[in-house]
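These notes are about the structure you will find just below.
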Amino acid sequence: DREPGLRVIAIGFDGSPESSQALQLGAELAGRAGAAIRIVTVLPRQGGTRPEALQARTAWRAELRDRAHDEASALPDELRALPIVEEGDPAKVLLAAIELGVDLIVVGSRGYSPVRRVLLGSVSSAPDWL
């Protein structure tokens, strides 16, 4: 029932150079389409329960949250950039954004070789996208 076109673009952002490039591309697309942006940062659920691990995870989460907010505030106001920081499986969290009215999801790719991709995984080629 919606009018065709891009209204909301979600961009997967983890602070890597590839996600920064995805953010630039998503912002350019949003500007051309008059769409809003959701900068989605997802922290995988992992890590130990030792105090050092918990402290490092808390610091990492705060750093990524601050970086996502900084990236959002650096974008033009007309993009209505909203940073979202979640915890869970990155591919599943990004796919759940579709239910919230996202029309396009942009993620970066590290260009891993097939062997590294199998060993290390990749959000951009996660089976959940299928």
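When residue 30 is evaluated against the numbered criteria (1) touching a residue at least 12 places away in the same chain (Cβ under 8 Å); (2) more than 12 Å from the chain's Cα centre (by Cα); (3) more than 21 Å from residue 99 (Cβ to Cβ), which criterion, by number, is the only one it fails?
(3)
Restricting the search to region 66-88, which residues are touching a Leu at 6+ places or on another chain (Cβ under 9 Å) and farther than 17 Å from residue 26 by Cα?
85, 86, 87, 88
Can you find even one residue in region 15-35 that is modelled with pLDDT of 90 or more, over 20 Å from residue 94 (Cα atoms) and among the aliphatic types (A, V, I, L, M)?
Yes, region 15-35 contains a residue that is modelled with pLDDT of 90 or more, over 20 Å from residue 94 (Cα atoms) and among the aliphatic types (A, V, I, L, M).
What is the one condition in (1) under 19 Å from residue 25 (Cα atoms); (2) touching a helix residue (DSSP H, G or I) at 6+ places or on another chain (Cβ under 8 Å); (3) among the β-branched types (Val, Ile, Thr) that residue 102 does not satisfy?
Among (1) under 19 Å from residue 25 (Cα atoms); (2) touching a helix residue (DSSP H, G or I) at 6+ places or on another chain (Cβ under 8 Å); (3) among the β-branched types (Val, Ile, Thr), residue 102 violates only (2).
For region 121-129, indicate whether the set of residues that are at pLDDT 85 or above, within 20 Å of residue 8 (Cβ to Cβ) and of a type in the set (Ser, Thr, Tyr) is non-empty. It would help to see each step written out before you state the result.
The initial filter retains those residues of region 121-129 that are at pLDDT 85 or above, namely none.
No.
The values are calculated or read from the model by the stated rules, or taken from the named source; none is laboratory data. Not measured: the values here are computed from a predicted model. Reconstructed Cβ throughout: ideal geometry from the backbone, glycine too, with neighbour counts over all protein chains shown.
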